[in-house]
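Enquirer: Handing you this structure, nothing more for now.
Every number here is computed from the coordinates shown, using simple stated rules; none is lab data. Treat the numbers as computed from the prediction; the structure is a model and nothing was measured. We place every Cβ from the backbone using ideal geometry, glycine too, and count neighbours over all the protein chains shown.
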Amino acid sequence: MAEITLTKKDFTSDQEVRWCPGCGDYSILATMQAFLPELGVPREKIVFISGIGCSSRFPYYLETFGMHSIHGRAPAIASGLTISRPDLTVFVITGDGDALSIGGNHFIHALRRNVDLKIMLFNNRIYGLTKGQYSPTSEAGKITKSTPVGSLDTPFNPVSLGLGAEATFIARTIDSDRKHLTGVLQAATKHKGSALIEIYQNCPIFNDGAFDTIKDGNSREGALLHLIHGEPIKSTTHAVVRKDDGDLEMRPLSEINEVDIVVHDAHRVDPTYAFALSRLHQ
Amino acid sequence: MSKTIVSMDQVTIRFAGDSGDGMQLTGDRFTSDTAILGNDLATLPNYPAEIRAPTGTLPGVSSFQLHFADHHIQTAGDAPDVLVAMNPAALKANMRDMPRGSTIIVNKDEFSARNLTKVGYETNPLEDGSLESYKVHGIALTSMTVGALAHLPLSRKEAERAKNMFALGMLSWMYHRPTEATEKFLTAKFSKVPDILEANLVAYRAGWNYGETTEEFSVSYEIAPAPQVKGKYRNMSGNLALAYGLIAGAHCAKLPLFLGSYPITPASDILHELSKQKKFGVITFQAEDEIAAVGAAIGASYGGAMGITSTSGPGVALKSEAIGLAVMLELPLIIVDVQRGGPSTGLPTKTEQSDLLQVMFGRNGESPLPVLAASTPTDCFDMAMEAVRIATAYRTPVFLLSDGYIANGSQPWRIPEVDSLPDLHVDFAKTQENFQPYARDPQTLARPWAIPGTPGLEHRIGGIEKANLTGDISYEPANHDFMVRTRAAKVAGIDVPDLVVDDPDGAEVLILGWGSTYGPVRAAIDVLREGGAKVAQAHIKYINPFPKNLGEVLSKYPKVILPEMNLGQLAMLIRSEYLKDIISFNQVRGLPFSTTELVEATLEVLNG
Ligand code: SF4
């Protein structure tokens, strides 16, 4: 029996939220609290399991069941829960360090097993809780406390990684776009199996402005490609076309014909197309 | 030809051969047939860590020792009465354990110049007189097997492979073992490959017939069934008993059983066995690593299942952080540690008791949890049930220790009546106003087990210190001090049975054992008492908390001997807890204690 009368307030716990002012986590939390009533699942059947990091405080602020576990292991704990309790809706809350560094192994195996988990990866491309070291998604050359002359490592692209791990649902969204994030949550919770939701999340303290190009009013609409099933993939200035070798590329709208724009197919089983999409920004 | 039948009260046989010769299977079959006959028995498999070391070499030798008797026995026997050696390597590797006068049956076909050189025999021991003081039977096992199978469409190699069944048949004749069960077993095992099935059956029967007709053996032996409590018996290894105990425990607690595990020697058989038991509501999850295995078990317990993870020492090391989380969450969890030789990879297929301090203390912070240790293969069943009782009643992770010796060793097990099993049911928290996830039961100090899906109990838990009662995050100094002490008090207060002391003569010396030393200690006690020595015996199965009367027991005996397959880990715990000096007797050779060693060590104390 769905409790349709629940409101955002019913999903807000009595705990004081303790992220830094301006942290992108606030808007993700607000979106989630607003989304849960419309999910139609009673509060007691929803579980949030997190690892360690700023984002992993998330479960404390939701009036559902929740576990703030240990670093990197949330997908493993959540797998045991969802396998033995298929009646529950289980979310994993994780960050780029938690999911892709210390918990990388659990992350890829959770995806390939395709058990019913919704993995929300808050990607701020930095270690926040330990006060500013580079993370596995930090761009190469990043200068941080632990990389005074710039990091040497090639970063992970979480979407590419997820595809390589045989994920059956992947979306990328951003903390500040409540509407898009809500749409992604709707689609992910409808999906039966593991879903990876990468959320670009700004950390104003240690990596401010990491996603400004796609947030800034002037650049945003040019830089953002909205992926909508059955519609051509384009921004206000650019579009995606197929090259002669079959690869995808972004070209200025002025240089191409409208008919050549790739039409998005969200359900394609073969992951090569999705992989090519995941590489576009690079 | 009429043959003499001699009655014996006990025999120890060791089957030894190349890893590829099927000695474990041969030993297993002989053991099962022996259990059916009703002898008491104990076994000791010994095999290399390599799956197939080079053929015919010493490192490739695998063996299986079985001790069976018409009376109650405790161990697989110190020294074999009979060695079956399938090749020169098996002979060489095992000769040092063979007492003079014992019987040695060898496959003489394998004693070629090349095979002899491979293991460093300069001359053929079957011919050079070096085995003069033994009863040696050189049998052409390979060629007789191949001969018996000549009518089947098999390559020579395939035919040779059935020689272990020839040997089994021969020994089964010699010791009057029933054959139906083995024939049934083979039929089931090879039902899809009729030629191989036929080969094994024919070789098995040919071996039996050979024993019956050959002049090589003029005597066969009878060992009468041992008197035992009425009931239905079967042969049981420790790992199997442990798996069954977990199933029975979860059943008695009315909980689904969830096992998260990662393959590791010598614990994998628990995963294998539980994987077959979906019909009992068992879910098994082969995780990506040891950490995920325990993590998934914690997740399952959180959801209201009996979460279990099975592993060995190196796996415990990897799981420590997650076990600490379970201590903090105060959820039921069982961690089965089938100990093996360490440190690091150590001796994966050999036994040791050296994880005790790791499981007691190998976590960050004050992280107490109960530790249980099974004493014999069949005791693994009872202790697994105890682990379920304690984990669920006290909402705590529990360590259950076994080791390679009892995990792979076996003994007859009386199948219990299901009605005789205890009720282990505990209640989940029910819907209520102002629910407090860290309010405690005044008796057990357990917090409520509040599973997702219960309306009104929505709450958050985690690894950060909890405020008493509410379970909210708390960095309060006084609260932390209180919670640390409360978790310790909860474990210290766990109800465990008193230590039972066996001391008919008012002894001054107590032999204390724990875990798998039970059999060897018991056997030594019998020998010592037969020789007129006064010794008391007690066996610790609950290491944390210790039985309440342990201090009192220790104070009664001026001398306490504690044999351990480590360098004195339990002795260290007992000394620090009771300020009682302990005479340690330690060995870390990857093998159980022999009765003789324990007898000698005790006599030294008695006379010293
Ligand atoms: S450090 Fe960064 S990510 Fe962490 S709470 Fe502060 S702003 Fe948010």
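Enquirer: For chain A, which semi-axes, largest first and in whole Å, follow from the square roots of 5 times the eigenvalues of its Cα gyration tensor?
Expert: After scaling each eigenvalue by five and taking roots: 30, 23, 19 Å.
Enquirer: What's the angle, to the nearest 10 degrees (0 to 90), between helix A:178-190's Cα axis and the longest principal axis of chain A?
Expert: Taking Cα atoms only, the helix is inclined about 70 degrees.
Enquirer: Ordered by residue, what ³J(HN,Hα) values in Hz, to whole numbers, does the range A:10-16 give under the Karplus form 6.51 cos²θ - 1.76 cosθ + 1.60, where θ = phi - 60° and Gly and Pro are x?
Expert: 5, 9, 9, 7, 8, 7, 6
Enquirer: Work through the residues other than B:L567 whose Cβ is under 14 Å from its Cβ and net out their charges, Lys, Arg +1 and Asp, Glu -1.
Expert: Its environment carries a net charge of -1.
Enquirer: A further question on this structure: Assuming R0 = 35 Å, can you tell me the calculated FRET efficiency for the pair B:K548 and B:K276, based on Cβ-Cβ distance, to the nearest 0.05?
Expert: Computed FRET efficiency for B:K548 and B:K276 comes out at 0.35.
Enquirer: Also: Pairs of alpha-carbon atoms within less than 8 angstrom and 6+ residues apart define the contacts here; what relative contact order does the range A:128-282 have, in percent?
Expert: 15
Enquirer: If you take the charge dipole of chain B about its Cα centre, with +1 on Lys and Arg Cβ and -1 on Asp and Glu Cβ, which of B:T55, B:Y438, B:P416 is farthest toward its positive end?
Expert: Sorting the options by dipole projection puts first B:Y438.
Enquirer: I would also like to ask the following. Please list log₁₀ I(q)/I(0) at q = 0.18, 0.25 Å⁻¹ for the range A:220-279, using the Debye equation with identical point scatterers on the alpha-carbon positions.
Expert: -0.59, -1.13
Enquirer: Now a separate question. Tell me the angle of helix A:104-113 to the major Cα principal axis of chain A, expressed in degrees between 0 and 90 and rounded to the nearest ten.
Expert: The two axes meet at around 90 degrees.
Enquirer: I would also like to ask the following. Counting only other residues whose beta carbon sits under 15 Å from that of A:H267, what net charge do I get with K and R as +1, D and E as -1?
Expert: Charge balance in the 15 Å sphere: 0.
Enquirer: Can you tally the net charge around B:S312? Count Lys and Arg as +1, Asp and Glu as -1, for every other residue whose Cβ sits under 15 Å from the Cβ of B:S312.
Expert: With Lys, Arg at +1 and Asp, Glu at -1, the net is -4.
Enquirer: Need one value for B:459-472: mean number of C-beta atoms belonging to other chains within 10 Å of its residues' C-beta atoms.
Expert: Mean shielding by partner chains, rounded to a whole number: 4.
Enquirer: Further question on the same structure: Given H placed on each backbone N at 1.01 Å, which residues far from B:L347 in sequence or on other chains put an amide H within less than 5 Å of it?
Expert: Hits under the 5 Å cutoff: B:G341, B:G342.
Enquirer: If you take every DSSP beta bridge fully contained in the protein assembly as shown, what fraction is antiparallel? Give it as a percent rounded to 5.
Expert: Antiparallel: roughly 35 percent of the beta bridges in the protein assembly as shown.
Enquirer: Counting other Cβ atoms within 10 Å, keep those with at most 14, restrict to DSSP loop, and tell me which trypsin sites (Lys or Arg not before Pro) in the range B:480-554 are left.
Expert: Loop-located and lightly packed - B:K534, B:K548.
Enquirer: Please find the FRET efficiency linking A:D245 to A:D212, where r is the Cβ-Cβ separation and R0 is fixed at 35 Å, and quote it to the nearest 0.05.
Expert: It comes out at approximately 0.60.
Enquirer: Take every DSSP beta bridge with both residues inside the range A:13-116 and express the antiparallel ones as a percent of the total, to the nearest 5.
Expert: 0
Enquirer: Additional query: Averaging the inverse of every distinct alpha carbon separation and then flipping it gives the Kirkwood radius. What is it for chain B, in angstrom units?
Expert: The Cα-based Kirkwood calculation yields 26.0 Å.
Enquirer: Also, quick follow-up: With charges set only on the Cβ (+1 for Lys and Arg, -1 for Asp and Glu), what does the dipole of the protein assembly as shown come to about its Cα centre, in debye to the nearest 20?
Expert: 820
Enquirer: Also, I was wondering about something else. What share of Cα pairs, in percent, lie more than 13 angstrom apart in the range B:67-132?
Expert: Summing the P(r) of the range B:67-132 above 13 Å gives 66 percent of all pairs.
Enquirer: A further question on this structure: Roughly speaking, what is the centre-to-centre gap between the range B:548-582 and the range A:74-118 when only Cα atoms are used, to the nearest Å?
Expert: Taking the Cα centre of the range A:74-118 as reference, the centre of the range B:548-582 is 45 Å away.
Enquirer: In which sequence would B:K230, B:K254 go, from the one with the fewest C-beta neighbours within 10 Å to the one with the most?
Expert: Ascending Cβ contact count within 10 Å gives the list B:K230, B:K254.
Enquirer: Compute the Rg/Rh shape ratio of the range B:495-608: radius of gyration over Kirkwood radius, all on alpha-carbon atoms.
Expert: When Rh is taken as the Kirkwood radius, the ratio is 0.93.
Enquirer: Further question: When DSSP assigns beta bridges and you keep just the ones with both residues in chain B, what percent turn out antiparallel, to the nearest 5?
Expert: 35
Enquirer: In peptide B:281-290, what is the residue-averaged number of other protein chain Cβ atoms found within 10 Å of each Cβ?
Expert: 3
Enquirer: Continuing with this model, one more query. For the range B:140-245, which GluC sites (Glu not before Pro) are both in a DSSP coil and crowded by at most 10 other Cβ atoms within 10 Å?
Expert: Those satisfying the criteria are B:E215.
Enquirer: Using Cβ counts within 10 Å as a stand-in for footprinting exposure, how do A:D212, B:D81 rank, fewest first?
Expert: Fewest-to-most ranking of A:D212, B:D81: A:D212, B:D81.
Enquirer: Could you list the chymotrypsin sites (Phe, Trp or Tyr not before Pro) in the range B:454-529 that lie in coil according to DSSP, counting only those with at most 10 other Cβ atoms within 10 Å of their Cβ?
Expert: B:Y475
Enquirer: How far apart, in nm, are two points set 7 Å out from the Cα along the Cα-to-Cβ line at B:S555 and at B:K3?
Expert: Reported label-point gap for B:S555 and B:K3 is 6.2 nm.
Enquirer: Could you give the size of the charge dipole of the range A:8-214 about its Cα centre, using +1 on the Cβ of each K and R and -1 on the Cβ of each D and E, expressed in debye and rounded to the nearest 20?
Expert: For the range A:8-214, the charge dipole is close to 260 debye.
Enquirer: Tell me, how many Å apart are the Cα centres for the range A:138-178 and for the range B:374-436?
Expert: With the range A:138-178 and the range B:374-436 each reduced to a Cα centre, they are spaced 45 Å.
Enquirer: Now a separate question. In peptide A:84-97, what is the residue-averaged number of other protein chain Cβ atoms found within 10 Å of each Cβ?
Expert: Taking all residues of A:84-97 together, the mean is 3.
Enquirer: Also, I was wondering about something else. Could you list the residues of the range B:53-85 with an amide nitrogen less than 17 Å from a label point located 7 Å from the Cα of B:Y221 in the Cα-to-C-beta direction?
Expert: Counting backbone N atoms under 17 Å from the label point, the list is B:64-85.
Enquirer: What do you get for the angle between helix B:379-394 and the principal long axis of chain B? Use alpha-carbon atoms, 0 to 90 degrees, nearest ten.
Expert: Result, in degrees: 10.
Enquirer: Further, regarding this structure: Any idea what the dipole of the range A:43-115 comes to, in debye rounded to 20, about its Cα centre with Lys/Arg Cβ at +1 and Asp/Glu Cβ at -1?
Expert: The dipole of the range A:43-115 has a size of about 160 debye.
Enquirer: Can you give the Rg and Dmax of the protein assembly as shown based on its C-alpha atoms, in angstrom?
Expert: Every Cα atom of the protein assembly as shown included, Rg and Dmax give 32.7, 106 Å.
Enquirer: Work the Kirkwood hydrodynamic radius out for the range B:4-223: mean of 1/r over every pair of different alpha-carbon atoms, inverted, in Å.
Expert: One over the average 1/r among Cα pairs gives 17.5 Å for the range B:4-223.
Enquirer: With the contact rule set at Cα under 8 Å and sequence spacing of 6 or more, what percent relative contact order holds for chain B?
Expert: 12
Enquirer: How high is the relative contact order of chain A? Use alpha-carbon pairs under 8 Å, at least six apart in sequence, and give a whole percent.
Expert: Reported relative contact order: 14 percent.
Enquirer: Could you calculate the FRET efficiency of B:V418 with B:K184 from 1/(1 + (r/R0)^6), where r is the beta carbon distance between them and R0 is 25 Å, rounded to 0.05?
Expert: Computed FRET efficiency for B:V418 and B:K184: 0.50.
Enquirer: Given the rule -39500 (n - 2.57) for each run of at least 4 DSSP H residues, summed and divided by the residues of the protein assembly as shown, what is its mean residue ellipticity at 222 nm, to the nearest 500 deg cm²/dmol?
Expert: My calculation for the protein assembly as shown gives -10000 deg cm²/dmol from helical runs alone.
Enquirer: Between A:S101, A:I46, A:G22, whose Cα lies farthest towards the positive end of the dipole of the range A:14-151 when Lys and Arg beta carbons carry +1 and Asp and Glu beta carbons carry -1, centred on the Cα centre?
Expert: A:S101
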